[in-house]
Amino acid sequence: MSRFDAFLSAQTDDALDTLAEFDREAALAAGIRPNHVNEWGLVHETYLGPTKWTAQQRRAVGLARASRMSIDQLAVIEKKLQSVKDPREKWELRFALLGVGGGYETVRRQANDAVRKEETAPRKQVRFSKSRKGRRTMTVTGEERDIADLENVLLRGVDTARPVSPQLLENFLRIMRGGGAGVPFAAPRPMVLVPMPAWTKILRGEGDDIVLGLTDATTMTGAEFLQQCAGAELELAAVHPQEGPVNLYRGERLANTKQRDLARVSAPVCPVPGCRHSADACEIHHITAWRHGGETNWDNLAPLCRYHNRVNDDDPGRAARGRIERVRGTPVWRSPRGYTVVNSYHRFGAVHSLFGDGAVESVPP
Ligand SMILES: [Zn+2]
């Protein structure tokens, strides 16, 4: 190995070993550019420094070693992640970014994208202004589905020949004062995933401690489920212990409703690590592409958000952005380096509900 090769592998394959005994003062005294020293410090602190997130740190170290990313790539991820406040979210984004293949620019761009998405989501809140001439303003920022439901209700019976906004207020006040029946949920309704053993417990009225996942990435207890299911507002999806969601066949290009439903049950959120798009907001993706002979069967479908559907490596030979595969009844993301990584944002997929974590974690190619 030439000295230059050794120099390179010290910064890539052996990146974390190289930084194990990182010493800021020594590096500065040796004439290393301060920006560089700061970046090394950032990587050292994340992967090798003291933390209360030991399990996450261990996982990140494993992913970083497997990825063989350079110190510069690890550093650019950390620099971009600095604007993410929630530590749990930060780890999830880090896991996802460590699976990104390609050169420095690719990693930098993806880190940028991931963080920008965080920054632009407005905070969910209700705000009230001070009074002006006896009037006040209220602004509500919430999930788009909730706000869309409200807008739909307020628009009912509006006379478009007159200014619309004042009529929306009239309708709003009528609902607020109890003149309406409240704001109904719009179709499609989210489905509830119920593993069969839990179902009997719930029916016996012992469901208070059982947490069920919904395909809109929310949860409810078994007890709440019983109460709300009486009105038949919610759809129930029973899950078979080995087969996953129930079987269905046939080869049309576009999935039918039942098939889409089963795909949503297998993964209630987009399976790409760090992605928080619920299955209900996802497109239905062919795991083996239609043009490669993939059929429109429940076991070849997965919910994937618009963005990840577009960047998925449909051709298994290509390994740029990773691809979705099906592992033990569950759609899982496989990184360009060949590691499966579970999206832990909402762990209520059918198989997770029944078998718990680890069923599909880090399965080799
Ligand atoms: Zn996604």
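Please treat every number below as a calculation from the coordinates, not as lab data. This is a predicted model, so every value here is computed, not measured. Quick reminder, even Gly has a Cβ in these numbers, built from the backbone with ideal geometry, and neighbours come from all protein chains shown.
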| field | In sequence order, calculated HN-Hα J values of the stretch 19-36 (Karplus, 6.51, -1.76, 1.60; Hz; x Gly/Pro) | value | 8, 4, 10, 3, 9, 4, 4, 4, 5, 5, 5, 7, x, 6, 4, x, 4, 5
| Positive dipole terminus of the stretch 17-153, leading residue within Gln56, Pro34, Val140 (C-beta point charges) | Val140
| task | Give a residue-ordered list of calculated ³J(HN,Hα) values for the stretch 313-321 (Karplus: 6.51 cos²θ - 1.76 cosθ + 1.60, θ = phi - 60°; whole Hz; x for Gly, Pro). | result | 6, 5, 8, x, x, 7, 9, 9, 10
| query | What are the trypsin sites (Lys or Arg not before Pro) within the stretch 1-83 that DSSP puts in a loop, where the Cβ has at most 15 other Cβ atoms within 10 Å? | reply | Lys52, Arg68
| said: Against the 2.2 N^0.38 Å scaling, with N counting residues, where does the stretch 11-118 land? I'd like the Cα-based Rg ratio to two decimal places. | reply: 1.02
| query | Which of the trypsin sites (Lys or Arg not before Pro) found in the stretch 118-148 are in a DSSP loop and have at most 12 neighbouring Cβ atoms, other than their own, within 10 Å? | reply | Arg123, Lys124, Lys130, Lys133, Arg136
| query | How would you classify the stretch 1-67 from its alpha-carbon gyration tensor, with a ≥ b ≥ c the square roots of the eigenvalues: rounded for a/c under 1.5, else prolate if a/b is greater than b/c, otherwise oblate? | reply | oblate
| note | Given 284-297, 151-164, the highest-first ranking by average Cβ count within 10 Å works out to 284-297, 151-164
| said: From the phi angles alone, apply the Karplus equation (6.51, -1.76, 1.60; θ = phi - 60°) to the stretch 283-288 and give each ³J(HN,Hα) in whole Hz, x where the residue is Gly or Pro. | reply: 8, 9, 9, 7, 5, 8
| said: Give me, ordered by chain and number, the residues 5 or more places off Ala267 or on other chains with an amide H under 5 Å from its own placed amide H. | reply: Ala350
| task | List, in the order given, every pair from Lys52/Lys85; Lys52/Lys201; Lys80/Lys124; Lys85/Lys124 whose Cα-Cα distance in the structure shown is over 25 Å. | result | Lys52/Lys201
| query | Once amide H atoms are placed 1.01 Å from N in the peptide plane, what residues at a sequence separation of 5 or more from Ala289, or on another chain, have their amide H within under 5 Å of its amide H? | reply | Gly294
| task | Mind putting a number on the dipole of the stretch 1-156 about its Cα centre? Charges go on the C-beta only, +1 for Lys and Arg and -1 for Asp and Glu, and I need it in Debye to the nearest 20. | result | 1300 debye
| said: Compute, for the stretch 1-57, the length of the dipole vector about the Cα centre, with Cβ point charges of +1 (Lys, Arg) and -1 (Asp, Glu) only. Units Debye, rounded to 20. | reply: 160 debye
| task | Report, in whole Å, the centroid distance computed from the Cα atoms of the stretch 253-324 and the stretch 1-61. | result | 37 Å
